[in-house]
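Single-structure report; data block below.
The values are calculated or read from the model by the stated rules, or taken from the named source; none is laboratory data. This structure is a prediction, so every number in the text was calculated from the model and none was measured. Heads up, the Cβs are rebuilt from the backbone with ideal geometry, glycines too, and the neighbour counts pull from every protein chain shown. Just the protein is used for accessible areas: all its heavy atoms, side chains included, with ligands, DNA and RNA removed. Shrake-Rupley method; radii C 1.70, N 1.55, O 1.52, S 1.80 Å.
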Amino acid sequence: MNKYAAEFIGTFWLVLGGCGSAVLAAAFPNLGIGFVGVALAFGLTVLTMAYAIGHISGAHLNPAVSIGVWAGGRLPTRDLVPYIVAQVLGGIVAAGVLYVIASGKPGFDVAAGFASNGYGEHSPGGFSLGSALVCEVVMTAMFIFVILGSTHSLAPKGFAPIAIGLCLTLIHLISIPVTNTSVNPARSTGVALFAGGWAIEQLWAFWVAPIVGALVGAALFRAVDRNPA
């Protein structure tokens, strides 16, 4: 159970840190951190938790990552569903804490989006469903590729969290305008449940595309890697 508890806590931190930066600080008057700040926040949550719990659970913090690592042959099948459940619950609890904090500000409106992922009129840049799906599949595939490569037994030791955190930062820098960046169904689910309405209606895309991307990324890595993990 310690692995599942670690995934719960780690995903809680990712959603609270990443989505919290978007909801509370991205457009703060005069000193807002903007897209770059939000991208760094997501990367830092993964980097810090990878060092904190990587030795316990692998610090997946993301159902798509767990699926990709499973497809890459590095996660037992018996752990896959419990990991995903723990991650989704951690994301929901983090969104609840963020809602309590954010609702303390006069004029707060959760229906405005609450850092939810979306496409069409709910994409920050107005990108279509097709663009959103391609973006999420490709970004998740490359994320899994970097994760499997940087955590390989032949990779330099101790640097995987840095590579993974920077990769997630880069992914956000590219894709925040397209979908508000998911690549993580647990992150998408937590805030969508509080935003309701369109966020829940569009949530399917942010499960399907990251999962497809995870499988693609794992397949690509296994195709080019010929060394035991």
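Please report, ordered by residue number, the helices (runs of 4 or more DSSP H) entirely within the range 135-229 with at least 2 residues that are farther than 27 Å from Ser103 by Cα.
Here the list reads 160-179, 205-224.
Looking at Gly113, Gly149 in this structure, which one is under 18 Å from Leu215 (Cβ atoms) and either within 13 Å of the chain's Cα centre (by Cα) or surrounded by fewer than 23 Cβ atoms within 10 Å (Cβ to Cβ) (or both)?
None of the others qualify; the one that does is Gly149.
Is it fair to say Val15 is open to solvent by 10 Å² or more (accessible area, probe 1.4 Å), more than 23 Å from Gly149 (Cα to Cα), of a type in the set (Val, Ile, Thr) and in a helix (DSSP H, G or I)?
When the stated conditions are applied, Val15 does not pass them.
So how many residues does the range 91-134 have that are part of a loop (DSSP other than H, G, I, E, B), more than 19 Å from Ala27 (Cα to Cα) and among the hydroxyl-bearing types (Ser, Thr, Tyr)?
2
If we scan the range 43-60, do we find a residue that is within 19 Å of Ile101 (Cα to Cα), open to solvent by less than 70 Å² (accessible area, probe 1.4 Å) and not charged (D, E, K, R)?
Taking every residue of the range 43-60 in turn, at least one turns out to be within 19 Å of Ile101 (Cα to Cα), open to solvent by less than 70 Å² (accessible area, probe 1.4 Å) and not charged (D, E, K, R).
Looking at the range 25-46, which of its residues are part of a helix (DSSP H, G or I) and out of contact with any Leu (no Cβ under 8 Å at 6 or more places or on another chain)?
Ala25, Gly34, Gly37, Val38, Leu40, Ala41, Leu44
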